[in-house]
1. With +1 on each Lys and Arg Cβ and -1 on each Asp and Glu Cβ, and nothing else charged, work out how big the dipole of the stretch 14-164 is about its Cα centre, in Debye to the nearest 20.
2. Any idea which of Ser271, Thr240, Ala178 is furthest toward the positive side of the dipole for the stretch 178-326, if Lys and Arg beta-carbons carry +1 and Asp and Glu beta-carbons -1?
3. For Tyr260, tell me the accessible area in Å² from a 1.4 Å probe, rounded to the nearest 10.
4. Using 20 Å as the cut-off for backbone N distance, which residues of the stretch 230-254 belong to the label zone defined by a point 7 Å from the Cα of Met404 along Cα→Cβ?
5. Excluding Ala275 itself, what net charge comes from residues whose Cβ is under 11 Å from its Cβ, given Lys and Arg +1 and Asp and Glu -1?
6. Quick one: pull the percent of accessible area on the stretch 121-213 belonging to carbon and sulfur, 1.4 Å probe, ligands and nucleic acids left out.
7. By accessible area of protein heavy atoms, probe 1.4 Å, what ranking do Tyr398, Tyr259, Tyr101 get, highest first?
8. How large a share of the accessible area of the stretch 271-415, in percent, is made up of carbon and sulfur atoms when the probe is 1.4 Å and the other protein chains stay in place?
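The values are calculated or read from the model by the stated rules, or taken from the named source; none is laboratory data. No experiment lies behind these values; they were computed from the predicted model shown. Cβ placement follows ideal geometry from the backbone for every residue including glycine, while neighbour counts extend to all protein chains displayed. When the accessible area is computed, the model is the full protein with side chains, heavy atoms only, and any ligands, DNA or RNA have been set aside. Shrake-Rupley method; radii C 1.70, N 1.55, O 1.52, S 1.80 Å.
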Amino acid sequence: MSQMETLTPAGAVLGEIPPVVPAANTFDPTKTILPVIGAVSFVHLINDLIQSILPSIYPLLKTDYALSFTQIGMITLAFQMTASLLQPGIGLYTDKHPKPYLLPTGMLFTLAGLVMLAFANNFTWLLIASAMIGLGSSTFHPEASRVARMASGGRFGFAQSFFQVGGNAGSAFGPLLAAAIILPQGQGAIGWFTLFAIVGFAVLFGVARWTIRSHASLKSVKKHAHFAHLSRAQVIGALTVLALLVFSKYIYMAAFTNYYTFYLIEKFSTSVADAQLFLFLFLAAVALGTFAGGPIGDKVGRKAVIWISILGAAPFTLLFPYCNLFWTAVLSVVIGLVLSSAFSAIVVLAQELVPTKIGMISGIFFGLMFGISGVAAAGLGALADATTIEHVFDYCAYLPLIGMVTILLPRMSRR
């Protein structure tokens, strides 16, 4: 069903819109619709909370199945590849043929992956379960990002950050819940997280209903001609620079999200539970930095935010491998705050470069994020097996220096 179609009487009996989404009959593209942005941000929290279960239980899986670091990287790769490869195609298709009900459908894939992960009894099933969770994520992100932009009322950076911070918050709380629920009770306790997926399905069904009932469409959202003066080659060049920035950011982030707990256990002999708390501090800082980056970019410019975020993290990442446990925790928070503020600015800047293909651009950059993270997780796992986990953080410390390519981004024209 397209966004411009109305509900049939048969569709109307499915239920009223959940209270989290306003019941509007017409769509006003100049009005920021916070309940809608909040709804997709809330489900982004659920989606990424579920995703964060995987790295959170890696120490458990490593012990139970005698996995190597390379195999742990392969589990991440299975998830990240399905979460990345499909996103640009889904975004491009829904740019031409909007499918609001893809949002709740994606959550069903995530639900299936959770059930498989709870009952997996060998490495192969762990890979399949991870791939299913990734498939749900690839269906969710392009369409949810489009909804956030539709409901932004022109505050694109704010809407993208609000949407994105939900995911970061979910990634931060996931390790805590995993430490409290899964680590003490074992792998089967993953089944409790299916409740989150069911709630997410219900909320996204309401968002899809709002999209259809209000006739919401990106066609009516004002497009600012910031980059109308650029040629096609210049636009492609700018997108390539943004992709390089995502490359530097998410390889370093992959080291943290997948191997930070092992780094703390190996270098400082912390317990698994304490390592999870340190990971939570880092991920909470990432959530806070993400939320700040979008609104700041709306006011001072997205290029300035990217400069400060990527290159500004370099001094801290270079110092990180030489710190004791206390300063390791402090620097992890600083790095999370600074480095995370760039992604919302990068996505919105890319959308402004190609304003007619919001879904495709969102799919490319979210897909690039997952794809790079997956390949990096596998590669860094192999590096850790060949050397030590400490060497991984030694080498990755130089990645933020790639932020110097920000100088190649074009200037934004006045409106």
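1. Details: 7 positive and 6 negative charges, 53 e Å.
Approximately 260 debye in magnitude.
2. Selected residue: Thr240.
3. About 0 Å², ignoring ligands and nucleic acids.
4. 238, 240-252
5. Computed value for this residue: -1.
6. 71 percent
7. Per-residue accessible area, sorted high to low, gives Tyr398, Tyr101, Tyr259.
8. Details: 4250 of 5810 Å².
Here carbon and sulfur together make up 73 percent of the probe-accessible area.
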